[in-house]
Amino acid sequence: MLITTLGTSHGSHTIPRNNTATLIETEGVSYLVDCGEPVSGTMRRMGKDFGALRALFVTHLHADHVGGLAQLTNMLKHARGEEQTVTWCLPSEGVERIRAYLEALYMAPELRPVTLELRGVDEGLCYEDERLRVTALPAGHMETQGEQYAEMGLPNRGQSFSYIVELEGKRIAFSGDLPRDFRYLGRLVAEPLDLLVMEMTHIRPEEVLPWLGERPVRKLLLTHIWDPWHGPGEDVLREMCFEHLRFPFTIARDGTEIEM
Ligand SMILES: [Zn+2]
Ligand SMILES: [Zn+2]
């Protein structure tokens, strides 16, 4: 399988990095984890086939993780037609409002040229096909914000997820955004992982790396990289990784490829 970090920044685009999106390709099909802007433009430039897309897994409904959804849905016109089934897996708190958004943009799922399902994600198994099995775990990133919006009478519940992806006999975890402490990350790395794709904005490397270095992780891919680690700061982050990790790691840039 090939994993490509299409976008590796946090809540803002920076000069070297766009918002978060990661593509998994295996046996002629592909899956996305998050779809921050400009995901479909980047896929197009890199020659990625929209006809290969099977599913998207959105970790949470912040714009830097879901902002490219509308244009991605639009680009399904370059896919294979009705025989292609595509599943957008979204935190269940937002599914109906995202459906309404797509309808407002004249992209009702029922009228797309592919068979498109919007699926609500709650904790637990959220997707399974002949190649891939995906389980959602709570990530704890938006609890306070969820409460604030609920007090305003909005249906937001502050859902955020990490995803464990099982394919080709391997276990890969995508952390999504995290709180600064390791309560949720601890659940994610409790069982051995072949690859951990971890955000590096809301957690501090000097706190998390010594702890993570003792966990059963075979390889680490850092993405959603905070500003101090962009440009020259990347060397500082790399030094900290060398100091604390006994397993290999990659600090992702837009377009980084990992062959598994
Ligand atoms: Zn984010
Ligand atoms: Zn976020």
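None of the figures in this text is laboratory data; all of them are computed from the coordinates on show. It should be emphasised that the depicted structure is a prediction, and the values quoted were computed from it without experimental measurement. Cβ placement follows ideal geometry from the backbone for every residue including glycine, while neighbour counts extend to all protein chains displayed.
Considering only DSSP beta bridges where both residues belong to the chain, give the percentage that are antiparallel (nearest 5).
55
Most fluctuating residue of Leu221, Leu105, Leu125 in a GNM of the chain with Cα springs under 10 Å: which is it?
Per the Cα network of the chain with a 10 Å cutoff, Leu105 tops the list.
Residues of segment 5-24 with amide nitrogen under 16 Å from the 7 Å Cα-to-Cβ point of Met46?
Backbone N within reach: 5-10, 16-24.
State the Kirkwood hydrodynamic radius of the chain in Å, one decimal place, computed from all pairs of distinct Cα atoms.
18.5
Using a/c under 1.5 as the rounded threshold, could you call segment 200-260 rounded, prolate or oblate? The axes a ≥ b ≥ c are square roots of the C-alpha gyration tensor eigenvalues, and prolate needs a/b larger than b/c, oblate otherwise.
Oblate.
Using r as the Cβ-Cβ distance of Glu239 and Ile15, and R0 as 30 Å, what FRET efficiency do you calculate, to the nearest 0.05?
E(calc), rounded to 0.05, equals 0.85.
Rounded to the nearest 5, what % of the DSSP beta bridges within segment 16-59 are antiparallel ones?
Counting only bridges with both partners in segment 16-59, antiparallel ones make up about 60 percent.
Could you give the size of the charge dipole of the chain about its Cα centre, using +1 on the Cβ of each K and R and -1 on the Cβ of each D and E, expressed in debye and rounded to the nearest 20?
320
With Cβ to Cβ distances under 9 Å as the rule, what net charge do the other residues near Asn19 carry (K, R +1; D, E -1)?
That works out to -2.
Can you compute the FRET efficiency between Glu257 and Asp194 using 1/(1 + (r/R0)^6), with r the Cβ-Cβ distance and R0 = 22 Å? Round to the nearest 0.05.
Efficiency, from the Cβ-Cβ distance: 0.85.
Which net charge results for the neighbourhood of Pro248, defined as the other residues with beta-carbon distances under 10 angstrom from its beta-carbon, given Lys and Arg at +1 and Asp and Glu at -1?
+3
Could you give the length gained on full extension between Arg97 and Glu206, defined as 0.36 nm per residue of separation minus the Cα-Cα distance, in nm?
So the extension gain works out to 35.3 nm.
Once you've got the GNM for the chain with C-alpha springs shorter than 10 Å, pick whichever of Asp129, Asp194, Asp34 has the biggest mean-square fluctuation.
So, out of Asp129, Asp194, Asp34, the one fluctuating most is Asp129.
Full-extension gain between Arg119 and Ala104, please, as 0.36 nm times their residue separation minus the C-alpha to C-alpha distance.
Answer, rounded to one decimal: 3.5 nm.
Sort 210-220, 51-61, 148-158 for me by packing, meaning the mean count of neighbouring Cβ atoms within 10 Å per residue, highest on top.
Ranked by mean Cβ neighbours within 10 Å, highest first: 51-61, 210-220, 148-158.
Where in segment 78-113 are there chymotrypsin sites (Phe, Trp or Tyr not before Pro) that are in a DSSP coil and have at most 13 other Cβ atoms within 10 angstrom of their Cβ?
Tyr106
Running a GNM on the chain with Cα contacts under 10 Å, which residue among Glu25, Glu128, Glu199 ends up with the highest mean-square fluctuation?
It is Glu128.
For n ≥ 4 DSSP H runs only, could you compute -39500 (n - 2.57) per run for the chain, divide by its residues and tell me the 222 nm figure to the nearest 500?
-6500 deg cm²/dmol
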